[in-house]
1. For region 282-299, give me the residue count where each residue is surrounded by fewer than 20 Cβ atoms within 10 Å (Cβ to Cβ), assigned to a loop (DSSP other than H, G, I, E, B) and in contact (Cβ under 8 Å) with a residue 12 or more places away in the chain.
2. Could you count how many residues in region 56-86 are in contact with an Asp or Glu (Cβ under 7 Å, 6 or more places away or on another chain) and either more than 20 Å from ALA192 (Cα to Cα) or of a type outside the set (Gly, Ala, Ser) (or both)?
3. One residue is enough: does region 69-86 have a residue meeting the conditions surrounded by 16 or more Cβ atoms within 10 Å (Cβ to Cβ), in contact with a Gly (Cβ under 6 Å, 6 or more places away or on another chain) and not in a loop (DSSP other than H, G, I, E, B)?
4. How many residues does region 42-66 contain that are open to solvent by 40 Å² or more (accessible area, probe 1.4 Å) and either closer than 14 Å to THR201 by Cα or in contact with a strand residue (DSSP E or B) (Cβ under 9 Å, 6 or more places away or on another chain) (or both)?
5. Taking region 128-164, which residues are more than 30 Å from ALA192 (Cα to Cα) and open to solvent by less than 10 Å² (accessible area, probe 1.4 Å)?
6. It is to be established whether one or more residues within region 302-314 are at pLDDT 95 or above and of a type in the set (Ser, Thr, Tyr).
7. For ILE17, work out the one condition from (1) touching a residue at least 60 places away in the same chain (Cβ under 8 Å); (2) within 23 Å of the chain's Cα centre (by Cα); (3) outside any loop (DSSP other than H, G, I, E, B) it doesn't fulfil.
8. Need a quick list: helices (runs of 4 or more DSSP H) entirely within region 300-392 having at least 1 residues that are open to solvent by 30 Å² or more (accessible area, probe 1.4 Å) and without any contact (Cβ under 8 Å) to a residue 12 or more places away in the chain.
Amino acid sequence: MTHIKREKFLPYCLPDITDEEINEVIDTLKSGWLAKGPRTIEFEKKFASYVGAKYAVGMNSATAALHISLLAAGIGAGDEVITTSMTFSASANTIIHTGATPIFADINPNTGCIDPEEIVKKITPRTKAIVPVHYSGQSCDLDRIYQIADEYNLFVSEDAAHALYTQYKGNPIGYKPKGTVSYSFYATKNLATGEGGMLVTDNLEIADRARMLVTHGMSKNAWNRYAKGGSWMYDIEEPGYKYNMFDLQAALGLVQLKRMEEMQNKRSDIADLYNNALSKVRGIDLPSIEENTTTHSWHLYVIKINSEVVNIDRNQFIQELTERNIGTSVHFIPVHLMSAYRNRYGYKDGDLPLTEDWFENIISIPLYSSMSMEDANNVIEAIKDIVDTFSR
């Protein structure tokens, strides 16, 4: 059987790196600052201004930011923290790393984001925090989540790994945060530094504690101890971590931040093309965007396979796309179904029915700013071809 097939494999995701990023990294290497230095400080300031927060603390990953966020808020052994299972494991792993217990709430079946009313059902006297995840670039229902947090005196640590550029009711995620917001700059993210992350907050006490914790618990300004005017003298205020961002990462971040509008416009154009073309394809359900999300980051473009129309399951659909030289991914395998969580906490199939149903049918198709509109059309044609071939 002859199928539509690209000549060359289209990776699921690639970073968008130009000569400007390369030259900035070279300049950083020549400057002699390889670890945390002036570029990291500059990136923190510009990033905080970009999202509308008072303070930003650069880190080596969003995982570090999520961990430090909870530690800085005093979360620890004996506490419970509510989050979603429809996320990467870091959102839940970092809760365990504080000594607390992750408690999973089910999702809104329209968006894939945590359902605030499911959060309420999971609150106990031990609950101390909520970690909502802005899934794929769709904003969580923040007003309701913070209303719940205020009512039960809970800390909120937003996981915005997918949500740089997302706006909630006209303001960027991270704008005047009531708790903390963590971002990822991993290689596949909208802003990529290879590895890297950022924690933002309007709470000076949390920001100061975060800065101390990310560099082994060293006292303020210890990063500058080898520069002229710096002091070799420092103190360890409490046992901390090696989580800080360094200038090579920040060099990439500064240029990528400057290019955000350009890169996001490309993502939006591709998302618009997908929305227009795939809305006409029976058997494919498109991302649902709720009114609160006034701007979507389009970190992911997640389609759902309607098994009532298409006579193959999600895994077979992925295989068919692979045979047509189209890369894909799945976001995410629910965390509560991972063996570490089954074995440790006794989670089992059926515990989060909406999350599990979501997982069974989703595919993330290529969407990134360095792909072309021709690439996107190849994806569309491959999906149409599969649906035509396997329609009931």
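1. 6
2. Total meeting the criteria: 3.
3. no
4. Here the count works out to 8.
5. If the condition is that a residue be more than 30 Å from ALA192 (Cα to Cα) and open to solvent by less than 10 Å² (accessible area, probe 1.4 Å), then ILE148, ALA149 are the ones that fit.
6. No, that holds for no residue.
7. Here ILE17 meets the rest and fails (3).
8. Counting at least 1 such residues, we get 314-323, 339-345, 373-390.
The values are calculated or read from the model by the stated rules, or taken from the named source; none is laboratory data. Everything numeric here is computed off the predicted structure, so don't read it as measured data. Because the Cβ atoms are built from the backbone with ideal geometry, glycine has one as well, and the counts that use them run over all protein chains shown. Note: areas computed on protein heavy atoms with side chains; ligands, DNA, RNA excluded. Shrake-Rupley method; radii C 1.70, N 1.55, O 1.52, S 1.80 Å.
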